[in-house]
Structure formats: structure tokens, C-alpha cells
1. Between residue 155 and residue 142, what is the label-to-label distance in nm when each label sits 7 Å out along the Cα-to-Cβ direction?
2. When the chain is modelled as a GNM with alpha-carbon springs shorter than 10 Å, which of 138, 240, 162 fluctuates the most?
3. Most mobile of 113, 132, 297 per a Gaussian network model of the chain (Cα springs, under 10 Å)?
4. At a Förster radius of 45 Å, what calculated FRET efficiency corresponds to the Cβ-Cβ distance of residue 130 and residue 212, to the nearest 0.05?
5. Is the chain rounded, prolate or oblate when judged by the Cα gyration tensor, a ≥ b ≥ c being the square roots of its eigenvalues, rounded requiring a/c under 1.5 and prolate requiring a/b larger than b/c?
6. If one computes the Cα centroid of the stretch 127-166 and of the stretch 223-276, what distance in Å separates the two points?
7. Would you compute, from DSSP H runs of 4+ residues alone, the mean residue ellipticity of the chain at 222 nm, taking -39500 (n - 2.57) per run and dividing by the full residue count, rounded to the nearest 500?
8. Percent relative contact order of the chain, based on C-alpha pairs within less than 8 angstrom and at least six residues apart?
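What follows draws every value from the coordinates through simple rules; no lab data is involved. All values reported here derive from a predicted model rather than from experimental measurement. Methodologically, a virtual Cβ is constructed for each residue, glycine included, from the backbone with ideal geometry; neighbour enumeration extends over all protein chains shown.
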């Protein structure tokens, strides 16, 4: 395989393919931009301030968050390499499109950029960033209990999703407003369940879509139990979001949006079961993405408008 120096156009094409297949930048930018905006807006709102977050704080928080999710994808490539090679050889790393070594370099470059950006906002963001990087390292080695975690899918997901409220706390630390953990608690729980909705939704497949070696919640728990778990996470997120929204003074617009989105999700789930032979798992991926974007945009917009 040619190196970047030997074949720059070919290498750039391979990286473009990698990102398109494993980390679509535009999709992540929209979702994480809304998440960052909502989190910074909340830190303002709990201090009685509306309007837009500071531009520089937003850009730093967004850039670091975007790179954190890219780094999590990279760590997954290392963690899942053997299984991917055996069961999913079509993925970019097993098929030789990019190498683990090149991904490791990308992780290091990302970390260097993150540290510089976080340092520009003071010690709180740096401390949170270092904590997140350390925790992601534990995720990479499956907390040294890989086999046990693999046998307990709910604990596996729960332990890995803890990094999301940690990232939310980092974003909050980028704000100029001082805050306590108690002030952020409802929003951190809201963030945890929001991304749990997305994690569950992307791994619920119709029976005819299941593949050997691909662990989905629908295969591990059974389709109906997986869908119930997904709906429970969504309604739980709605409830915690309402607590945070009340504190931020946007309970009415948030509740209206959350009820509409959660109801639509429930209707989509019912329609999914109405004809399993034609059902597709992207029903849950789409509903999860709409939920994630909808509640975060509502949070940010309502606070910005002083609703």
C-alpha cells in the first residue's frame, strides 16, 4: 500500500472513504454542534442568562468534543479489530484501507490540538479533558474485564456511556459561568440517556438484518425487549430533560417538543412491528437521531430566545 508521501491523492481518497464509512463528519458536526450549544446555553440559563453562548467558548468546546468522538471511534477500531477481521472484513481497517498505526497517529494529533484549545480557556477544561482521555483509555481495554463485560451487555453499554456526561461537564467547564455538579446533575443525566437512546437505536435491527458476529441489542435481548429499552431510555431522557428545562426556565417549549418526538418514536415502533418482514432497523436509528437533534436544538434555541 502506498504511503501518503508516495501517493498523496490515493491516501487522501482512502481517508475520505474511511470517514465517510466510519465517522461522517457532517453528521457528527450537526449532532455535536447541537449538543455543545445546548450544554453551554444551559450553563448560562441556570445563572439567569439567555442569548447565545460566547463564540470562542463554543468553538473550543465543539472542536474538542468533535475530536473526542473521533478518538472514541479510533479506539473502537483497536478494540474491535479481531472481531472485525473475522466477521466484518468489509470495514476500512480489516480491508487495509487505513492502518491502526495511522489511526494512532491521528489520535495523538487530535489530543495535542485538544490540549492546546482547552488550555486557552483555563485549568477547568484541561482537568476535565485529561479525565475524559484517561477514562476513554479504560474503555479501550474494557476496564480490564472484557469477557465479563461482553457477557453483560447492559453494564457494557452503561459503563461506556458514562463518558457522555463527562464530555457534557467538559463543555460546561468551557463556559465563563461557574457552576456546581448539583446544578448540572439533571442535564448530565439527560445527556447520558439521550446518547443511550442513540446507542440503543443504532443496534436494533429487524430479524432479517441480523448478521453472525454482529452484536445488536435486538439479537442479545430479543427484539421486543430491545425496543422497550429504547423507549424507556427516551422517556427517561424526557423526564430528566424536563427537570433541567424547569431549572433553565424553558419547561413549556421543551415539554412540547419532547412529548411530540417521543410520541412519534412510539408510533414508529408500533409500525415497525406491524410487518417485520419489511421492517428495517434504520427506523430506530432515524428516530434516535431526530430525538437527539430535536431536544438539543430546542434547549439551545429556547434559552437563546429567552423563552
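1. 1.3
2. Its mean-square fluctuation being the largest, the pick is 138.
3. Looking only at 113, 132, 297, the largest GNM fluctuation is found for 113.
4. Working: r = 40 Å, r/R0 = 0.88.
Step by step, r from the Cβ atoms, then E = 0.70.
5. Details: a/c = 1.80, a/b = 1.13, b/c = 1.60.
Oblate shape, in that a/c is at least 1.5 and b/c is the bigger or equal ratio.
6. Value for the Cα centre distance between the two parts: 25 Å.
7. Details: 14 runs with 230 residues, N = 307.
Counting only the DSSP helices, I get -25000 deg cm²/dmol.
8. Values: 343 pairs, mean separation 72.2, N = 307.
Reported relative contact order: 24 percent.
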